[in-house]
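The values are calculated or read from the model by the stated rules, or taken from the named source; none is laboratory data. Please read these numbers as outputs of a predicted model, since none were measured by experiment. As a convention, Cβ positions derive from the backbone with ideal geometry for all residues, glycine included, and neighbour counts pool all protein chains shown. Heavy atoms of the whole protein, side chains included, go into the accessibility calculation; ligands, DNA and RNA do not. Shrake-Rupley method; radii C 1.70, N 1.55, O 1.52, S 1.80 Å.
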Amino acid sequence: MMMRSLTFKLTVGFCFVSLVGVVIVAILASRITQNEVNSLLNRHEQESIARELGDIYEEEGSWDNVNIQIADTYSPRHFVIVDRENFIILPGLGLPRGQRVPPNEAEDRITIRANGERVGYLVSFQPGQPGKRTPPPSNNDDILSSINRNIIYGALAALVISSAVGVFGARQITKPILELTTASQNIASGDLSQEVAVRSRDEIGQLASSFNKMSADLVKSQKQRQQMTADIAHDLRTPLSLILGHAEAIEDGVLPATPETLHIIHDEAKRLNGLIEDLRTLTLADTGQLTLDKRKVKPVDMMNRAGYAHKPLAREKNIEININVTDGLPEIEVDPRRIGQVLDNLVSNAIQYTPPDENIWLEVKSHQEGLYFSVKDSGPGIPESDLAHIFDRFYRADKSRNRDEGGSGLGLAIARSLIMRHNGRIWAESQVGIGTNFQFILPVVA
């Protein structure tokens, strides 16, 4: 199990990368150091040989006997001696005496001086092969071994430090992931109120923030679902209670089976059927399964139908419905029955909340996003605290209103879902004591 954990895998990965990096750096450092040390020691040794040869030249006065004096000292010989004219006077490296070494081939030469004058050069590069150094003396091995040991110790120390950093980094990465895993398991077990710490602004921090938002949305959705279930039960129970009560009363002979009694049962049955139909419509719209019968229609026709259909109800309250439609508006491709349902809901709400002897304004005009529809009333208005929730299911801004009055409380939620299904948007603006303006925009399809 341990070997399958992300922490173990990241730690192994960090250590492997560190090991490879340290080994490569150690090898390169060893080779570069070896070359530099060899070059430095060879140079130092050659300068020492050049001084010794200069002293021998001073004693002998020429190069004639130099070869004999140093034959045992420098053997095998990894250099040649040339005079001032670049002719070899002391052979070596397989080059014979008397051969001339061109200056451009003798790239590494050390001047030999005797009595303050230049008498020759010590050449340690092979003619014709610039850059190829002669084999290093054996006394360099101890120094190189010491340097290589120090490089190995440094590499091991670097590996230990990088491994510790790798373990720390792996834990820093996996700790929030483990927290997210635990919180996810708690949510799966039914505890939706989970929140993890956001420790950074990187991808893991964004993931933690998204998780916290998701958890908060789940809690909110659960509360809304519980509230909606209670509201549905309440709205279903009221008409059912009336229907059952009247039916039992008729059956027991308490109430006569008169048209008035049967009319009450029929009205409550219609109300119950309307609530069920609203719930069905809202569910289909939210899940994207609501079938739309789209066709091209004139916006003026839809607005006129909505206005004229509700004028009889408006006259009962002495309310005037004013319709204002801009000329030359393009046709829109919508489901006229569903958009008509939206307009009917908005207009009926406006009539319900508008006081007698007031006005309602219906308007359609062009907008940069499409066509703009407006239903404005002269009612009491909606407080700002309620305005953001009026499209929620079963939400009522007027808490004093009995749920038995009016509709199901789903009209605005259905309106929002239907407008969204048409790729539009709907909102409301309101001022307390002045009125409310419900507005939606539908795109124009070319």
Original post:
For the range 295-336, rounded, prolate or oblate, judged on the Cα gyration tensor with a ≥ b ≥ c (square roots of eigenvalues), a/c < 1.5 rounded, else prolate if a/b > b/c?
Top reply: oblate
**OP:** Mind jotting down the three principal axis lengths of the range 317-379 based on Cα atoms? Whole angstrom, largest first.
**Re:** 35, 23, 16
Subject >> Listed residue pairs exceeding 22 Å between alpha carbons, taken from Lys317/Lys376; Lys296/Lys365; Lys220/Lys270; Lys311/Lys376 >> reply: Lys220/Lys270
Original post:
At Glu195 and Leu292, where each label point lies 7 Å from the Cα along Cα→Cβ, what is the point-to-point distance in nanometres?
Top reply: 3.9 nm
**OP:** With N denoting the number of residues in the range 171-278, provide Rg(C-alpha) divided by 2.2 N^0.38 Å, to two decimal places.
**Re:** 1.97
Original post:
Could you give me the ³J(HN,Hα) list for the range 315-323, computed from phi with Karplus coefficients 6.51, -1.76, 1.60 and θ = phi - 60°, whole Hz, x at Gly and Pro?
Top reply: 5, 4, 9, 6, 9, 9, 9, 9, 10
Subject >> Value of D in µm² per second that Stokes-Einstein yields for the range 277-368, Kirkwood Rh from Cα pairs, at 37 °C (0.692 mPa s) >> reply: 225 µm²/s
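Just to confirm, what accessible area per residue do you get for the range 135-293 at 1.4 Å probe, in whole Å²?
For the range 135-293, the per-residue accessible area is 66 Å².
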Subject >> Where labels lie 7 Å past Cα in the beta-carbon direction, separation of Leu236 and His266 in nm >> reply: 2.6 nm
Subject >> Vicinal HN-Hα couplings computed from phi for the range 350-360 (Karplus, 6.51 cos²θ - 1.76 cosθ + 1.60; Hz; Gly/Pro x) >> reply: 4, 5, 4, 9, 8, x, x, 6, 10, 10, 10
Original post:
In square angstrom, what is the accessible area per residue of the range 322-372 with a 1.4 angstrom probe?
Top reply: 47 Å²
Subject >> Surface/4 of the Cα convex hull for the range 22-67, nm² >> reply: 3.6 nm²
Original post:
Looking at the square roots a ≥ b ≥ c of the eigenvalues of the Cα gyration tensor of the range 186-233, which shape do they give, rounded for a/c under 1.5, prolate if a/b is larger than b/c, or oblate?
Top reply: prolate
**OP:** Compute the normalised compactness of the range 217-329: alpha-carbon radius of gyration over 2.2 N^0.38 Å, N being the residue count.
**Re:** 1.58
Original post:
How much net charge surrounds Glu429 when only the other residues with a Cβ under 11 Å from the Cβ of Glu429 are counted, with Lys and Arg +1 and Asp and Glu -1?
Top reply: 0
Original post:
Which percent of the accessible area of the range 187-344 is formed by carbon and sulfur heavy atoms (probe 1.4 angstrom)?
Top reply: 53 percent
